[in-house]
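Taken together, the values in this text are just the output of simple stated rules run on the coordinates, not laboratory data. The shown structure was predicted, so the numbers you read here are calculated from the model rather than taken from an experiment. Note that each Cβ is placed from the backbone with ideal geometry, even for glycine, and that neighbours are counted across all protein chains shown.
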Amino acid sequence: MVELDTNTPVPRHVAIIMDGNGRWAEERHRPRLFGHKAGVDSVREIVETAREIGVEVLTLYAFSTENWNRPSGEVSGLMGLLKSYLQSELRTMVRNDIRLLCLGQQDRLPADVRAILQQTIDDTRECRSMTLNLALSYGGRSELVLAFQEIAKECQEGVLDWRTLSETTISDHLFTAGQPDPDLLIRTGGEHRLSNFLLWQASYAELYFTETRWPDFKKAQFLEAINIFNHRQRRFGKVGAQLIREGRGATDGE
Ligand code: FPP
């Protein structure tokens with residue numbers, strides 16, 4: 001059994017690209033939606049584990065702007081799974097003090113999904129032990145376009161001064177405003193891409209790629225990813241000796 005290495009802090013923000021549902025199903029000669037359904041069980045287990053070990057923010061890439069181009073049956077199946085997940089998890093989220101937020105263009109979602117999403121966001125507003133960001137109809141580039149449009153508007157209105165724009169101004173206009181950037185970005189399913197996910201926020205994230213398909217990514221695989229993360233040395237452009245002097249010198253990194 002994989003145990004969490006308790007000598008090292010857990011990452012504050014973990015972001016996950018949940019990939020491989022379709023192939024997991026195809027390998028079992030089942031329709032793709034069967035893989036997505038199995039993926040929901042992994043979502044439950046990873047949310048529960050993240051909360052248990054003290055992750056502050058968990059971001060799950062559940063539906064990208066590009067996913068709208070999938071066959072309509074798969075899109076409506078995914079929307080149905082999302083709706084039933086939110087309906088069934090609302091009480092558990094409140095009990096476990098988990099706040100739900102949505103990253104993405106909610107207005108593109110079907111009305112019934114939008115309604116339960118908004119209800120869950122409202123009902124968990126005061127929860128503070130963990131934030132669960134569901135990236136839905138999300139694209140990193142369009143998030144940046146929306147942020148720049150809003151910044152330009154605020155400059156025009158005199159709310160912002162272009163001379164004082166900074167990295168913080170941009171971070172503050174993203175869906176993740178006020179949250180720490182991801183420390184660890186996991187992608188399951190064997191691909192080695194960011195696929196338009198958290199392009200600004202993941203600048204310094206440690207990347208962890210695994211062949212494991214999302215439906216097989218459970219507590220043990222998650223803890224293993226976190227243990228591997230904890231044994232890497234994040235230098236933020238500095239040299240190892242500087243980090244050791246600052247008390248941040250990690251372990252056996254590069
Ligand atoms: C990628 O696998 C996965 C998705 C596009 C959707 C992820 C959705 C879920 C895990 C279930 C619903 C989510 C929640 C939060 C309840 P893929 O279909 O691209 O897999 P493939 O690369 O093997 O084809």
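Data overview
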| quantity | calculated |
| --- | --- |
| Given charges at beta-carbon only (K, R positive; D, E negative), |dipole| of region 1-135 in Debye | 340 debye |
| Cβ-placed point charges (K, R +1; D, E -1), dipole of the chain about Cα centre in debye, nearest 20 | 340 debye |
| Extended-chain gain in nm, criterion 0.36 nm per residue less alpha-carbon gap, W68 and I228 | 54.2 nm |
| Relative contact order (percent, whole number), the chain, Cα cutoff 8 Å, 6+ residue spacing | 27 percent |
| Signed unit charges on C-beta, dipole axis of the chain, positive-most listed residue I228, G77, T8 | G77 |
| Share of Cα-Cα pairs in the chain lying beyond 34 Å, as whole percent | 19 percent |
| Using distinct alpha-carbon pairs, which all enter the 1/r mean, Kirkwood radius of region 116-192 in Å | 15.2 Å |
| Summed side-chain charge close to L86 - residues other than L86 whose Cβ falls under 14 Å, Lys, Arg +1, Asp, Glu -1 | +1 |
| Cα-Cα P(r), region 110-153, percent of pairs per 5 Å interval | 5, 16, 18, 17, 20, 20, 4 |
| GNM flexibility winner over the chain from V14, V145, V94 (Cα, springs under 10 Å) | V145 |
| Relative contact order of region 10-93, defined on C-alpha pairs under 8 angstrom at six or more residues apart (%) | 37 percent |
| Value at 222 nm in deg cm²/dmol, rounded to 500, when DSSP H runs of n ≥ 4 in the chain each add -39,500 (n - 2.57) | -13500 deg cm²/dmol |
| Helical segments meeting 27 Å axial Cα length and Kyte-Doolittle 0.5 threshold in the chain (DSSP H) | none |
| Centre separation in Å (Cα based) which lies between region 178-226 and region 79-153 | 19 Å |
| Set of aspartates and glutamates near K153 by C-alpha distance (under 20 Å), chain-local residues within fewer than 8 positions excluded | E143, D161, E167, D172 |
| Relative packing of 207-219, 28-40, which averages over residues the other C-beta atoms within 10 Å, highest first | 207-219, 28-40 |
